[in-house]
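Here's the structure, in structure tokens; my notes come after.
The values are calculated or read from the model by the stated rules, or taken from the named source; none is laboratory data. Everything numeric here is computed off the predicted structure, so don't read it as measured data. Counting neighbours? That spans all protein chains shown, and the Cβs are built from the backbone with ideal geometry, glycine included.
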Amino acid sequence: MKSLTKFATLIAASTMLVGVGAATVQAADSLYTPNLTYRTGPFAATGIPIMNGQRDYINMLNARDGGVGGVMIDFDECETSYNTNKGVECYEKTKGDAIVTQPWSTGITLQVLPRTNVDRIPILAPGYGFSPMSDGNTFAWAFNPPVSYWDGASMILNGISEGNLDNLKGKKVALLHLDHPFGKEPIPVIKALAEKHGFEFLPIPVGLKEMQNQSAQWLQIRRERPDFVVMWGWGAMNAGALTEAAKTRYPMDQFVGVWWSGHDADLEALGAKGKGYRSLSWNVPGNYPVMEDIKTHVVDAGNSMIENADEMDSTFYQRGVVMSMYLAEAIKEAQAKFGTAKINAEQMRWGLENLDISEEKLASLGMAGMTTPFSTSCSNHTGHGGAWMLRWDGEQFVQDGDMLSPDRDLIMPMEAEKAAEYAKNNAPWPGRGDLACD
């Protein structure tokens with residue numbers, strides 16, 4: 001890996017302009033950015049590499065740069081085991097000094113969503129959570145960049161139809177999904193697209209107790225013989241589904257998963273039997289300069305939780321790196337805007353609402369090509385940057401084709417409708433309140 005070119009931030013310029021001197025920056029307390037992790041429980045195997053990547057990127061910034069804008073980042077973890085009740089407890093425990101909360105579960109996100117409006121703490125939920133959170137006019141404190149689950153459903157259908165959903169007319173598409181708020185997220189979009197383009201939609205739920213024994217679900221798949229199976233799984237469900245697909249000889253090139261269903265270790269267990277399986281992804285694993293800095297400043301220094309350096313090459317570990325990059329870049333935006341290194345939660349919210357992850361910025365961070373470019377705004381809290389298909393070649397995931405884009409013309413009205421419905425059901429819902437868009 002090439003060495004990372006140091007990122008010349010806007011912070012230095014902003015602090016000079018507003019008179020925040022070096023002594024003030026050095027004396028500032030750390031910024032508290034808790035992460036509601038799950039290193040235990042049924043989803044730990046897939047959660048751990050992502051959370052290791054998140055943690056290591058922040059540790060790299062702390063070690064290499066002295067934090068962000070001269071202030072150290074306190075990246076505290078609160079263990080939830082992916083349990084919604086524990087997640088809410090973690091949120092309440094950590095919210096006091098937090099400038100952001102990272103719920104790490106769609107179920108937990110839905111539970112803390114109304115609380116964050118009252119507490120005025122922004123939610124950062126990269127690639128997960130309630131898809132209508134994209135509507136910044138309704139959800140002032142929630143952010144789910146770079147793409148939503150509804151975007152993902154649209155992009156998967158674009159991918160399997162070779163860019164023309166009319167090619168699916170008369171065919172059958174099964175959705176093998178976790179019977180959980182996360183797994184149910186894509187259903188409205190797939191239903192709408194099925195009606196629009198004339199294909200049959202077959203939802204097949206997998207209960208939390210069935211994740212490792214999906215014989216009933218795959219018996220249904222053998223009976224129904226869908227043309228495509230779309231997997232919306234996580235944790236042990238993914239490994240179970242892939243094992244069943246191989247056992248029943250379901251064509252792997254007709255089996256495709258959302259970005260949480262593309263864990264390298266699950267496919268490594270299948271090896272050549274998994275060849276052809278695809279997973280949508282908003283990050284592409286590779287040998288990026290930023291990874292060399294993480295290795296030098298964190299892994300080689302003994303400050304990482306990874307068990308094997310090979311984990312750094314995995315899709316999920318590198319996705320965690322990308323997720324913490326979003327966090328750090330939002331902090332930089334807020335610091336530059338408000339002229340202080342020690343930003344608060346409301347200022348952090350502004351930073352998340354003004355993210356500009358351009359190709360030029362990614363290159364300056366040593367991450368060119370690692371993730372999709374996007375930008376957020378007052379009304380757009382997702383960015384909708386796009387994603388790629390990754391294909392398992394028998395040994396590793398490789399990029400398969402050009403970037404896919406969601407059908408925003410179809411999705412935007414649905415987001416607005418469901419956001420309005422949410423606000424009505426949770427009345428009185430403050431919406432943006434004093435944060436009205438300019």
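Name the one entry in Ala368, Ala363, Ala328 that is among the aliphatic types (A, V, I, L, M), farther than 30 Å from Arg278 by Cβ and at pLDDT 95 or above. Full working, then the answer.
Details: Ala368 fails: farther than 30 Å from Arg278 by Cβ; Ala363 fails: farther than 30 Å from Arg278 by Cβ.
That would be Ala328, the only listed residue that is among the aliphatic types (A, V, I, L, M), farther than 30 Å from Arg278 by Cβ and at pLDDT 95 or above.
All conditions but one from (1) assigned to a helix (DSSP H, G or I); (2) out of contact with any Asp or Glu (no Cβ under 9 Å at 6 or more places or on another chain); (3) free of Cβ contacts under 8 Å to residues at least 24 places away in the same chain apply to Gly351; the one that does not is (2). Within segment 202-219, being part of a helix (DSSP H, G or I) and touching a helix residue (DSSP H, G or I) at 6+ places or on another chain (Cβ under 9 Å) holds for Leu208, Glu210, Ser215, Ala216, Gln217, Trp218.
Candidates are the residues of segment 363-401 that are among the hydroxyl-bearing types (Ser, Thr, Tyr) and touching a residue at least 40 places away in the same chain (Cβ under 8 Å); the one that is nearest to Phe139 (Cα to Cα) is Ser379. For the residues Val68, Val25, Val18, Val88, the requirement of being out of contact with any Ser or Thr (no Cβ under 6 Å at 6 or more places or on another chain), modelled with pLDDT of 95 or more and more than 26 Å from Tyr288 (Cβ to Cβ) singles out Val88.
Looking across segment 125-144 at every residue that is out of contact with any strand residue (DSSP E or B) (no Cβ under 6 Å at 6 or more places or on another chain) and of a type in the set (A, V, I, L, M), the one that is surrounded by the fewest Cβ atoms within 10 Å (Cβ to Cβ) is identified as Ala140.
Taking the stated definitions as given, is Gly159 surrounded by fewer than 24 Cβ atoms within 10 Å (Cβ to Cβ) and at pLDDT 95 or above?
Working: surrounded by fewer than 24 Cβ atoms within 10 Å (Cβ to Cβ): yes; at pLDDT 95 or above: yes.
Judged against the criteria, Gly159 is a match.
Which residue is farthest from Gly107 (Cα to Cα), if the candidates are limited to segment 79-95 and must be in contact with a Lys or Arg (Cβ under 9 Å, 6 or more places away or on another chain) and of a type in the set (D, E, K, R)? Explain how you work it out, then say what you get.
Quick first cut of segment 79-95, residues in contact with a Lys or Arg (Cβ under 9 Å, 6 or more places away or on another chain) only: 79-81, 88, 91-92, 95.
Narrowing further to those that are of a type in the set (D, E, K, R): 79, 92, 95.
Values: Glu79: 15, Glu92: 16, Lys95: 18 Å.
Of everything passing the filter in segment 79-95, Lys95 is farthest from Gly107 (Cα to Cα).
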